[in-house]
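The values are calculated or read from the model by the stated rules, or taken from the named source; none is laboratory data. Treat the numbers as computed from the prediction; the structure is a model and nothing was measured. Every residue, glycine as well, gets a Cβ built from its backbone with ideal geometry; the counts of neighbours run over all protein chains shown.
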Amino acid sequence: MIIERATADDLDVLLAFRQEAASWLTDLGTDQWQRPYPADKLLGTIESGVVFMVRDGAMTAATITLTPEAEEGLWTDGELREPSRFVNKLTVARTHAGQDLGGRLLDWASGQAFHSGAVWLRLDAWTTNKPLQDYYLRHGFEHVRTVTEGGAVNGGPRVSGWLGQRPTAPSGDHGFTDLAQSSTAPPAHHLRTT
């Protein structure tokens, strides 16, 4: 399997991934990702060079977004001063479930973050999705806190406020042929406002 940066040609695949994941999550009893993700926002993220695709031959097996920007209102000013990378939208195709592809992607992301000078790999997870939180704990993340207020819409409840972090480390043997060219990655820490 290879990992490479997504291109605009991947937009439809990524939107379909999101829809497939939302259906699967509904079957598991969670309301995560039930709102469609705006295609224009996703395209902007792709064009910024922080979306990565795992390819298994002609198939897309997984995706991850690894950004230097934190979602506004989650991390303290002190935490934001610590060089970090932030994982978003980690999704594995149901055809490739059960192979720890997500865990391998987290290890790859940790290595990318480490080589960029970041000391933390951070993420926010769906506040009510306990199995997902447990998954991240099993993959070396420590629960920092859960932010429940200050959501993006009118400052209401936050749906993705379970914060986790783990120290970055060289990626080791994640098993991907890495075509992502991490040397062109954006700077290590900024604030995302969208």
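Screening segment 130-194 for strands (runs of 3 or more DSSP E) wholly inside it with 1 or more residues that are over 17 Å from the mean Cα position of the chain (by Cα), crowded, with 16+ Cβ neighbours inside 10 Å and modelled with pLDDT under 70 returns no ranges.
Only one entry in Trp33, Trp75 is within 16 Å of Trp162 (Cβ to Cβ), assigned to a loop (DSSP other than H, G, I, E, B) and modelled with pLDDT of 90 or more, namely Trp75. Considering the conditions (1) closer than 23 Å to Thr146 by Cβ; (2) without any contact (Cβ under 8 Å) to a residue 40 or more places away in the chain; (3) surrounded by fewer than 18 Cβ atoms within 10 Å (Cβ to Cβ), Leu90 is excluded by exactly one of them, (3). Being assigned to a loop (DSSP other than H, G, I, E, B) and more than 23 Å from Leu15 (Cα to Cα) is a description that applies to Ala118.
Could you tell me whether any residue of segment 37-53 is farther than 17 Å from Ala8 by Cα, part of a loop (DSSP other than H, G, I, E, B) and not acidic (Asp, Glu)? Walk me through how you get there before you give the answer.
The first filter runs over segment 37-53 and keeps only residues farther than 17 Å from Ala8 by Cα, leaving none.
The answer is no, given that none of the residues of segment 37-53 is farther than 17 Å from Ala8 by Cα, part of a loop (DSSP other than H, G, I, E, B) and not acidic (Asp, Glu).
Filtering Thr65, Thr60 for residues that are among the polar types (S, T, N, Q), out of contact with any Leu (no Cβ under 7 Å at 6 or more places or on another chain), modelled with pLDDT of 90 or more and under 14 Å from Thr91 (Cβ atoms) leaves a single hit, Thr65.
Output the residue which, of all residues in segment 58-87 that are small (Gly, Ala, Ser) and farther than 16 Å from Ala180 by Cα, is surrounded by the fewest Cβ atoms within 10 Å (Cβ to Cβ).
Checked segment 58-87; the qualifying residue surrounded by the fewest Cβ atoms within 10 Å (Cβ to Cβ) is Ala58.
Search segment 93-129 for residues being surrounded by fewer than 18 Cβ atoms within 10 Å (Cβ to Cβ) and among the aliphatic types (A, V, I, L, M), and hand back the single one that is modelled with the lowest pLDDT. In this case the residue turns out to be Ala97.
When restricted to residues that are more than 13 Å from Thr60 (Cα to Cα) and basic (Lys, Arg), segment 86-103 contains 1.
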